[in-house]
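> For reference, the structure I am asking about is given below.
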Amino acid sequence: MMNNKPLAEIGDLVSEIDTPALVVDLDALEDNVAKIASELGDTGTKLRAHSKSHKCPAIARLQIAAGAVGICCQKISEAEAMVEGGIEDILVSNQIVGRQKLDRLASLCRRADIKVCVDNAGNIDDIDAAAAHAGVTIPVLVEIDVGARRCGVLPGQEALVLATKIAAAEHLTFGGLQAYQGKAQHLRGFEERRQAIDSAAELTRQTVELLKSNGLSCQIVGGGGTGTYVFEAGSGVFNEIQAGSYIFMDADYGLNKDDKDQPISDFKNSLFVLATVMSCSVPAQAVLDAGLKAFSVDSGLPSLVDIPGVEFVGASDEHGVLSIPSTSNGPGYGEKIRLIPGHCDPSVNLHSWIIGIRNDVVECLWPISAQGALT
């Protein structure tokens, strides 16, 4: 039987947490929430925080309390978990296809303000039919491809055709544009990222103006992420920013450079996988009880916290291997260490609970309600 109990109790010391566990430094997380709220407040651009990073209604509520207008989700099942957790304003920043999913989308619109994106005329017809069946009206955004080459129609005329079709549908309203440049988020150079978003913003600006000249106004012009949000917010085009990873950060985002060609320091690492040294039988090596089932390696291996000279060098299903040079004092048997995941989003999805710590004491236990939300 699957055990979904948290691996700690409130009041435990970090040393008492069972492992592998997903741990959040609450001071760092709260600083990240406050920082982006302050920075965007100066621009007039709103934050619609992306919940795919944390999948946790408790964190979404913190973001909204700090000024976010709502959240983004990528899947209907994520949105369902967020509505159950009390979130009332959600943009599904993705295409939703298939009768079963669209029926769930329409049903959810009875309980919260749910918006969705499209890049296909047939999808508009299908959403309209689902909305009619449920007796609801659904706001729909047109996604445009501003450089990511994933989803979205071409900016300009193709977007106008879809927007016009949405506006004419009996059970839909035109909600605006989705213009996310995902590839730009991890361009390492500051100038590279700026140029990519300058291009995306100009394509978006032209499309907004074309729509306006045809009587279609955009309530939402959304996009941006942790790697580029300062550029979208400063463009004068976007009115909602969809950053998500800023809440936690990860090892991959730590490779991005600022305008002085130094590692970015906008946000703090708040998310860690806590692991225990389970074996030291091989010289110059330690083995952890956390491997591929505890963190994602699609963006590289995790980084170690405050253990100079020691390197994380390999992972299998249940094990992580540390290389310990003779000049370093590596962790010993039974010692607990913190790992910074290479990619926070899929790493969070591997866990059922977030353990919030402050001053090395467990302060809260947050269920990851949208864990495994794939549909």
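> Most exposed first by the Cβ proxy, i.e. fewest other Cβ within 10 Å, how do K183, K46 rank?
Details: K183 15, K46 18.
The fewest-first ordering by Cβ neighbours comes to K183, K46.
> Here is a further query. Once you place label points 7 Å from the Cα toward the Cβ at Q219 and S77, how far apart are they in nm?
About 2.9 nm, to one decimal.
> Right, next: For the pair K5/H133, report the inter-label distance in nm, with labels modelled 7 Å from Cα in the Cβ direction.
4.2 nm
> Taking only C-alpha pairs under 8 Å that are 6+ residues apart, what is the relative contact order of the chain in percent?
21 percent
> Any idea how far apart L292 and L13 come out in nm if each label point goes 7 Å out from Cα toward Cβ?
Those two pseudo-labels are separated by 3.6 nm.
> Determine, for M278, M82, M249, the number of other Cβ atoms within 10 Å of each Cβ, and report the residues in order from fewest to most.
M278, M249, M82
> Let me ask something else. Express the relative contact order of region 43-249 as a whole percentage, based on alpha carbon pairs under 8 Å and six or more residues apart in sequence.
Working: 414 pairs, mean separation 40.5, N = 207.
Over region 43-249, the number comes to 20 percent.
> Still on this model: What does DSSP give for the chain in terms of the percent of beta bridges that are antiparallel, rounded to the nearest 5?
45 percent
> Based solely on its DSSP helices, what 222 nm [θ] is calculated for the chain when runs of n ≥ 4 H residues each add -39,500 (n - 2.57) and the sum is averaged over all residues, nearest 500 deg cm²/dmol?
Taken over the chain, the calculation gives -8500 deg cm²/dmol.
> Subtracting the Cα-Cα distance from 0.36 nm times the residue separation, let me have the gained length for T375 to S199 in nm, one decimal.
Between T375 and S199, full extension yields 60.1 nm more.
> Which trypsin sites (Lys or Arg not before Pro) in region 244-332 pass both tests, a DSSP loop state and at most 14 other beta-carbon atoms within 10 Å?
Filter output for region 244-332: K260, K293.
> Give the shape of region 43-249 as rounded, prolate or oblate, defined through the alpha-carbon gyration tensor: a ≥ b ≥ c are the square roots of its eigenvalues, a/c under 1.5 means rounded, and otherwise the shape is prolate if a/b is larger than b/c and oblate if not. Numbers along the way, then the final one.
Working: a/c = 1.86, a/b = 1.14, b/c = 1.63.
Because a/c hits 1.5 or more and a/b fails to exceed b/c, region 43-249 counts as oblate.
> Gain in length, T164 to V305, computed as 0.36 nm per residue apart minus the alpha-carbon separation, to one decimal in nm?
45.5 nm
> On full extension of the chain, what length is gained from N120 through K212, given 0.36 nm per residue of separation minus the C-alpha to C-alpha distance?
31.0 nm
> Pairs K5/K75; K35/K212; K35/K75: which are spaced more than 30 Å apart, C-alpha to C-alpha?
Going by Cα-Cα distance, K35/K212 fall outside the 30 Å limit.
We did not get these values from a lab; they are worked out from the coordinates using the rules stated. If you're wondering where the values come from, they're calculated on a predicted model, not measured in any experiment. Positions of Cβ are backbone-derived with ideal geometry, glycine not excepted, and every protein chain shown enters the neighbour counts.
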